[in-house]
Amino acid sequence: MIENATPIRARRSAPAARALAFVTAAAVAIVGAGPATTSAHAQQAQRRLPVIRDTEIESLMRDYARPILKAAGLAKQNVRVVILNDRAFNAFVMDGRHIFINAGALFDAKTPNEVIGIFAHETGHLAGGHMIRLRERLAQAQTQSIVALLLGVGAMVAGAKAARGNSSIGQIGAPAIMAPQSAIQRSLLAYVRTQEDQADHAGVKFLNATHQSPRGMVDLFERLANDSLFRSQGADPYLQTHPMPADRVATLVQIAKASPYWNVTDPPALQLRHDLMRAKLSGFLEAQSTALRRYPLSNQSLPARYARAISTYRHGDPRQAVAQIDGLIKSEPNNPYFEELKGQVLLEGGHPNAAIAPLRRAVQLSHGAPLIEIMLGQSLIATNNKQFAGEAVALLSSALRREPEMPEAYAQLAMAYGRKGDLAHADLASAQAAFARGDTKTARQLAERAKHRLPVGSPAWVRADDIVSVKTPNRKN
Ligand SMILES: [Zn+2]
């Protein structure tokens, strides 16, 4: 689980820093999606959206979404599920290539089928092209306002932080974020209302086509609709973007119950992965007392032990955590994520040498998951052992080809090159790190320096030249 906002570079004193950060790649991808989204300050603010990157959860999400997307004829569009670190229940689509889901929704979903039901409904919006008109409608609004609206309070906090941190953002501080919100919200609701029935129908159709039950979708929507009756304010953002009047739910129940797959349940292996995911979210995101209440010691199931092990490490006892994780590995020796967790605990506890073996095994068991390769590369570098530099370069380069928007991994790559004495490639990697962070000025300076050190026309020189030639976004937009 990658979930810390402080770049590694900044932690000079720690021999082995936290494993990477909340990554913002997906949020940046929205920025490129429309004409209203080019301003530098909007980019700055969106880069701060808290996206959770985690191989285990992402792989589960892909397995949930893939059959549905295929049934919808969207298999080739490379739709990605992006997990936002927000406790509120929400899921939405915006640009045709991403389905966003809050950690809160994953947490509230008791079965895989409920999440699959959410994806079926969202895929109904995707397949219906609903978000294209949505985007046109929102084109006049400030990007930041849209994001603040859709993501709720979290994004507004991010905007406010951005405003404090950068004078060019100060001019569009909190009032600018707040003001148009209610207007946008009204038009958004008026628009989305007419699409919800379509998305429900399409969702049930996709579930039927994949022989899965629409029951999870119904259960979830009924729960949300009931909740909203008891809350006049602060309803889940999902209800704001997907209005759920009683007649809509009634219609959904009717078509869902007609499904021949109504009584189909999730395979037990999938339910276990789902339970492990919820345990992981609890361990990482909740207070230790809350996690322990949810997963008391009397519960000796694998998910409960997983949640407690993570919570133990998050709240300051790495030695005890490693013992607990060893117990998990004993129960499931081929689970890559238990090995990954052990590596992360050891790395962050200042034992990068000890972290290497479990992380190597995690890379192997996950068939080279890039986020785990990055963590292994980080451990190799944190040992300060020059002999590992070549391996770290190979791992990080390979991972970055599949995850090209991770500033922290470029920074690690720069360190690995530096240790090899390859200053030209170190400069290029530092330039790429700055570029991925959105700091084009620094990126250009470093790329310029790299160009002088690289053979003219070589692939690395061309990459440096690309960064030098990038235009600065117009700050007056
Ligand atoms: Zn909807």
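The values are calculated or read from the model by the stated rules, or taken from the named source; none is laboratory data. Everything quoted here is computed from the prediction, not taken from an experiment. All Cβ positions, even for glycine, are placed from backbone atoms using ideal geometry, and neighbour counts span all protein chains on display. What goes into the accessible areas is simple: the full protein's heavy atoms, side chains included, and nothing from ligands, DNA or RNA. Shrake-Rupley method; radii C 1.70, N 1.55, O 1.52, S 1.80 Å.
A cut-off of 5 Å between modelled amide H atoms, ignoring neighbours fewer than 5 places along the same chain, links residue 52 with 83, 84, 85.
Backbone geometry of region 395-409 corresponds, through the Karplus equation with coefficients 6.51, -1.76 and 1.60 at θ = phi - 60°, to 3J(HN,Hα) couplings of 5, 5, 5, 5, 5, 6, 5, 9, 10, x, 10, 10, x, 5, 5 Hz, x marking Gly and Pro. Shown in residue order for region 440-446 are the 3J(HN,Hα) couplings computed by the Karplus curve 6.51 cos²θ - 1.76 cosθ + 1.60 at θ = phi - 60°: 5, 5, 4, 4, 5, 4, 5 Hz (x for Gly and Pro).
Taking all protein chains together, 289, 366 sort by accessible area into 289, 366, largest first [probe 1.4 Å].
Partner lysines whose Cα lies under 26 Å from the Cα of residue 110, excluding those fewer than 8 positions away in the same chain, are identified as 70, 205, 257, 280.
Packing, as the average of other Cβ atoms within 10 Å across residues, places the peptides 387-394, 279-286 in the order 279-286, 387-394, highest first.
When peptides 263-271, 423-431 are sorted by average Cβ neighbour count within 10 Å, with the highest value leading, the order is 423-431, 263-271. In the assembled protein chains, residue 211 presents an accessible area of approximately 110 Å² (probe radius 1.4 Å). Rounded to two decimals, the Cα-based Rg/Rh of region 341-477, with Kirkwood Rh, is 1.03.
Spin-label pair residue 319-residue 353: with each label point 7 Å from Cα along the Cα-Cβ axis, the two points sit 1.8 nm from one another. How much of the calculated P(r) for region 400-477 lies past 19 Å, in percent of all Cα pairs? Looking at region 400-477, the distances longer than 19 Å represent 30 percent of pairs. Under a 5 Å amide H cut-off, with hydrogens placed 1.01 Å from N, residue 98 pairs with 80 among residues at least 5 apart or on other chains. Charge tally for residue 250 (other residues, Cβ to Cβ under 12 Å; Lys, Arg +1; Asp, Glu -1): -2.
Rounded to 0.05, the FRET efficiency of the residue 261 and residue 423 pair, given R0 = 51 Å and the Cβ-Cβ distance, is 0.25.
When 123, 442 are compared by accessible area at a 1.4 angstrom probe, the order from most to least is 442, 123. Net length available on complete extension from residue 470 to residue 364 is 34.4 nm, with 0.36 nm assigned per residue and the Cα-Cα distance removed. Summing Lys and Arg as +1 and Asp and Glu as -1 over all other residues whose Cβ lies under 13 Å from the Cβ of residue 387 gives a net charge of +2.
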